[in-house]
Amino acid sequence: PPQTVLQIERARRAARLVGEGVPIATVTHDLGYFDHPHLARSLRRFVGHTATDLREQAPQLSLLYKP
């Protein structure tokens with residue numbers, strides 16, 4: 001559905017920003033997430049890692065959606 005596509009794109013943008021070192025609170029606010037747990041759930045669902053994981057480990061990301 002179109003709404004899911006928008007959520008995937010938003011999660012990809014968030015992953016890129018977090019990976020570039022933008023503060024998690026800023027990413028949360030700028031991309032319209034309600035709070036950090038909301039961002040974390042979205043990233044885990046669509047990217048496979050939470051924002052904290054991305055910040056601490058800098059894993060190799062595949063930005064392809066896997067259900």
Query raised in the report: Which of the residues spanning segment 29-54 are surrounded by fewer than 15 Cβ atoms within 10 Å (Cβ to Cβ) and of a type in the set (S, T, Y)?
Result: T52
Query raised in the report: If you take the residues in segment 40-67 that are touching a Leu at 6+ places or on another chain (Cβ under 8 Å) and within 12 Å of R10 (Cβ to Cβ), which one is modelled with the lowest pLDDT?
Result: V47
Requested in this report: Show the residue pairs that are 6+ apart or on different chains and have beta-carbon atoms under 8 Å apart, the first residue being within segment 30-51 and over 18 Å from L6 (Cβ atoms) and touching a residue at least 40 places away in the same chain (Cβ under 8 Å), the second being in a loop (DSSP other than H, G, I, E, B) and open to solvent by less than 20 Å² (accessible area, probe 1.4 Å).
Outcome: none
Requested in this report: Might you check whether a residue that is over 8 Å from the mean Cα position of the chain (by Cα) and over 17 Å from R55 (Cα atoms) occurs anywhere in segment 11-24?
Outcome: no
Query raised in the report: Taking T26, is it open to solvent by less than 40 Å² (accessible area, probe 1.4 Å), modelled with pLDDT of 90 or more and out of contact with any Gly (no Cβ under 9 Å at 6 or more places or on another chain)?
Result: no
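The values are calculated or read from the model by the stated rules, or taken from the named source; none is laboratory data. Model, not experiment: these values are computed from the prediction. Note that each Cβ is placed from the backbone with ideal geometry, even for glycine, and that neighbours are counted across all protein chains shown. We work out accessible area using only protein heavy atoms, side chains counted, and drop any ligands, DNA or RNA first. Shrake-Rupley method; radii C 1.70, N 1.55, O 1.52, S 1.80 Å.
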